[in-house]
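Read-outs throughout are calculated quantities, based only on the coordinates presented, and are distinct from any laboratory measurement. Every value quoted in this text rests on a predicted model; they were computed, and no experiment measured them. Neighbour counts are summed over all protein chains in view; Cβ atoms, including those assigned to glycine, are modelled from backbone coordinates with ideal geometry.
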């Protein structure tokens, strides 16, 4: 450039790749931050669902013991707990959908092959399995 015109000032020469990276740095940071908070929200919701169901199973230990003493099988107890999980998830989905209608376009960009019930069923599986392993004699003595 100096050979062509000595009076032409040469300032920061950068590649197009560097210029694009500089222009997109802030949106990329915001997307990563949003992703991190989304993951945190998913983890907290799974912990919350697990806590509610674990408490429910603990409170219903006597009832579960009676059911098992009367002939209920482990799969029946698991089904009972998972049905309760799905009811809670259904209410949550209904309320969440109503709140998310305003931001549907934004949400579609970030959700890819994720079903709303995947995490909730996973969170409900541990308390359900624990309920299925309840010994009827121990639970009847509990009360």
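Brief remarks on what is shown
- This ranking places 12, 56 by how few other beta-carbon atoms lie within 10 Å of each, fewest first, which gives 12, 56.
- Applying 1/(1 + (r/R0)^6) with R0 = 30 Å to the Cβ-Cβ distance of residue 69 and residue 125 gives a FRET efficiency near 0.80.
- Ordering 4, 91 by the number of other Cβ atoms within 10 Å of each residue's own Cβ, fewest first, gives 4, 91.
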